[in-house]
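Visitor: Here you go, one structure.
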Amino acid sequence: MNKNNLLSQLTIATSSAESIIQPDWGAKNGITLAVKRDDLLHPIISGNKWRKLKHALMPAIAAKTKHIISFGGGFSNHVHALGYCCQQLNIQFTAIIRGDYSHNPSPMLQDLICWKTNIQYVDRQTYQQRTNVTYLQTMQRQYPNALIIPEGGSQLPALKGVAEIIDELQNSYDYVLAPVASGGTLAGLITGLIQHGKLTECKILGIGVLKGEGYLEQLVTDLLEKDTPSKSWHINHDYHFGGYAKSNHELRQFCQDFYQQTKIEIEPVYSGKLFFALRELIAKGYFPQKSRILALHTGGLQGAR
Ligand SMILES: *Cc1c(COP(=O)(O)O)cnc(C)c1O
């Protein structure tokens, strides 16, 4: 199957809009704010998860893969997006889920159940083995025809899909901001800027959405080509709000205010932290006069249900 067939079978948009926003806190120092609306790519498939899955799914379909296995938490946007794709593409999907939600499935797990996903709940210890080579080899022997996709979909083919965001840009920017969890999105954006020869003029700023100073940088570095200049990108760790999926009243209120002002929905796990950080950094004068800033809205509204 080629790309266009895949896109039409999933009825997913080929690219997303890039729009200027003017929240009251953005009017400072002649700064321009734009949002890349990957949240609008598809009503069910979460934006950046599609970017990361696309180039894994195309060869899988070409090879007539009948079974895909992947990993995630009970609210994972990655597992949700992949579960939907597999259901639409008639591929069996096994989801290895951290924790036992069998008596109390999240809305995301309820969707997977509707989509006939084979859900396997595992304890934390087992889940920790998800990147262990021996564990994965054993799994591959058990399911020799299955394609195993890592947590978050963050693997090399993912970078190619995310880099296409840079191909689509209509305007030039001084900064591109994105939330960081498993690192694939940031690594893909860096790769895209390198391909366009723009890594020196445009800076990449990741906002860590979990407590992971050092760890997140390592995840991104591990995905990048070895000769990528490490000074060309940076991750800020001041806006994780205590950890993954942790939030407080101020952040939730900010998400609502942001919607009031821009009519763009955001949630407190990823995009809320991204735009909150953006507001704070603008207020602190982090960005020079007249900076042109692009924030990537990665989607993810399903996880906030
Ligand atoms: C998974 C996810 C991210 C994090 O992307 P990584 O590539 O894992 O760093 C950001 N935003 C949303 C909405 C996500 O679902």
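The values are calculated or read from the model by the stated rules, or taken from the named source; none is laboratory data. What you see is a predicted model; the values in this text were computed from it and never measured. Using ideal geometry, Cβ is built from the backbone for each residue, glycine included, and neighbour counts are taken over all protein chains shown. All accessible areas refer to the heavy atoms of the entire protein, side chains included, with ligands and DNA or RNA removed. Shrake-Rupley method; radii C 1.70, N 1.55, O 1.52, S 1.80 Å.
Table: residues versus (1) open to solvent by less than 30 Å² (accessible area, probe 1.4 Å); (2) out of contact with any strand residue (DSSP E or B) (no Cβ under 9 Å at 6 or more places or on another chain); (3) more than 15 Å from the ligand (Cβ to nearest atom); (4) among the hydrophobic types (A, V, I, L, M, F, W, C).
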position	(1), (2), (3), (4)
SER19	no, no, yes, no
ILE45	yes, yes, no, yes
ALA56	yes, no, no, yes
HIS67	yes, no, yes, no
GLY83	yes, no, no, no
PHE93	yes, no, yes, yes
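Visitor: Further question on the same structure: Checking the structure you have, find out if any residue of region 158-166 is assigned by TED's automatic domain parsing to the domain that holds ALA34 and loosely packed, with under 13 Cβ neighbours inside 10 Å.
Guide: Looking for residues that are assigned by TED's automatic domain parsing to the domain that holds ALA34 and loosely packed, with under 13 Cβ neighbours inside 10 Å, one finds none in region 158-166, hence no.
Visitor: Just to be sure I understand, how many residues within region 1-13 are open to solvent by 90 Å² or more (accessible area, probe 1.4 Å) and modelled with pLDDT of 90 or more?
Guide: Result for region 1-13: 1.
Visitor: Please determine whether any residue of region 237-254 is loosely packed, with under 11 Cβ neighbours inside 10 Å, out of contact with any Asp or Glu (no Cβ under 8 Å at 6 or more places or on another chain), within 21 Å of GLY188 (Cβ to Cβ) and in the same structural domain as GLY272 (by TED's automatic domain parsing).
Guide: no
Visitor: Among (1) out of contact with any strand residue (DSSP E or B) (no Cβ under 7 Å at 6 or more places or on another chain); (2) within 16 Å of the ligand (Cβ to nearest atom); (3) not hydroxyl-bearing (Ser, Thr, Tyr), where does ASN5 come up short?
Guide: The failed condition is (2).
Visitor: Among the numbered criteria (1) over 19 Å from the mean Cα position of the chain (by Cα); (2) open to solvent by less than 50 Å² (accessible area, probe 1.4 Å); (3) within 19 Å of ILE68 (Cα to Cα), which single criterion is violated by LYS116?
Guide: Tallying (1) over 19 Å from the mean Cα position of the chain (by Cα); (2) open to solvent by less than 50 Å² (accessible area, probe 1.4 Å); (3) within 19 Å of ILE68 (Cα to Cα), LYS116 fails exactly one: (2).
Visitor: Can ASP222 be described as in a helix (DSSP H, G or I), of a type in the set (D, E, K, R) and under 19 Å from GLY153 (Cβ atoms)? So that I can check it myself, show each step before the final result.
Guide: Details: in a helix (DSSP H, G or I): yes; of a type in the set (D, E, K, R): yes; under 19 Å from GLY153 (Cβ atoms): yes.
It is true that ASP222 is in a helix (DSSP H, G or I), of a type in the set (D, E, K, R) and under 19 Å from GLY153 (Cβ atoms).
Visitor: Conditions: (1) under 29 Å from ALA277 (Cβ atoms); (2) assigned by TED's automatic domain parsing to the domain that holds GLY74; (3) away from the ligand (no atom under 16 Å from the Cβ). LYS198 meets all but one. Number of the miss?
Guide: (2)
Visitor: Right, another one. Look through GLU213, GLU265, GLU280 and report the one residue that is touching a Cys at 6+ places or on another chain (Cβ under 9 Å), surrounded by fewer than 21 Cβ atoms within 10 Å (Cβ to Cβ) and either modelled with pLDDT of 95 or more or not hydrophobic (A, V, I, L, M, F, W, C) (or both). Step through it out loud before you land on a result.
Guide: On the way: GLU213 fails: touching a Cys at 6+ places or on another chain (Cβ under 9 Å); GLU280 fails: touching a Cys at 6+ places or on another chain (Cβ under 9 Å).
None of the other options fit; the residue is GLU265.
Visitor: Sticking with this one: Checking the conditions here, which among ASP24, ASP38 is open to solvent by less than 10 Å² (accessible area, probe 1.4 Å), of a type in the set (Asp, Glu) and out of contact with any Phe, Trp or Tyr (no Cβ under 6 Å at 6 or more places or on another chain)?
Guide: Working: ASP24 fails: open to solvent by less than 10 Å² (accessible area, probe 1.4 Å).
The match here is ASP38.
Visitor: Just wondering, is there one or more residues in region 9-23 that are in a loop (DSSP other than H, G, I, E, B), of a type in the set (D, E, K, R) and in contact (Cβ under 8 Å) with a residue 12 or more places away in the chain?
Guide: The initial filter retains those residues of region 9-23 that are in a loop (DSSP other than H, G, I, E, B), namely 10-17, 21-23.
Those left that are additionally of a type in the set (D, E, K, R): none.
No, region 9-23 contains no residue that is in a loop (DSSP other than H, G, I, E, B), of a type in the set (D, E, K, R) and in contact (Cβ under 8 Å) with a residue 12 or more places away in the chain.
Visitor: Please indicate, with yes or no, whether at least one residue in region 174-191 is away from the ligand (no atom under 16 Å from the Cβ), surrounded by 18 or more Cβ atoms within 10 Å (Cβ to Cβ) and in contact (Cβ under 8 Å) with a residue 12 or more places away in the chain. Lay out the reasoning, then the answer.
Guide: The first filter runs over region 174-191 and keeps only residues away from the ligand (no atom under 16 Å from the Cβ), leaving 174-175.
Next, only the ones that are surrounded by 18 or more Cβ atoms within 10 Å (Cβ to Cβ) stay: 175.
When the remaining residues are screened for being in contact (Cβ under 8 Å) with a residue 12 or more places away in the chain, the result is 175.
Checking region 174-191: at least one residue is away from the ligand (no atom under 16 Å from the Cβ), surrounded by 18 or more Cβ atoms within 10 Å (Cβ to Cβ) and in contact (Cβ under 8 Å) with a residue 12 or more places away in the chain.
Visitor: Would a scan of region 220-229 turn up a residue that is without any contact (Cβ under 8 Å) to a residue 60 or more places away in the chain, within 12 Å of the ligand (Cβ to nearest atom) and surrounded by 19 or more Cβ atoms within 10 Å (Cβ to Cβ)?
Guide: For region 220-229, residues without any contact (Cβ under 8 Å) to a residue 60 or more places away in the chain, within 12 Å of the ligand (Cβ to nearest atom) and surrounded by 19 or more Cβ atoms within 10 Å (Cβ to Cβ): present.
Visitor: Hey, another quick one. Name the single residue that is most open to solvent (accessible area, probe 1.4 Å) among those in region 283-305 being under 19 Å from ILE31 (Cβ atoms) and polar (S, T, N, Q).
Guide: Taking region 283-305 first, the residues under 19 Å from ILE31 (Cβ atoms) are 283-297.
Keeping just the survivors that are polar (S, T, N, Q) gives 289, 291.
Details: GLN289: 129, SER291: 5 Å².
Once the filter is applied, the top-ranked residue is GLN289.
Visitor: Then there's this: Give me a count of the residues in region 276-305 that are more than 9 Å from the ligand (Cβ to nearest atom) and either touching a residue at least 24 places away in the same chain (Cβ under 8 Å) or closer than 20 Å to SER15 by Cβ (or both).
Guide: The number of residues fulfilling the criteria is 20.
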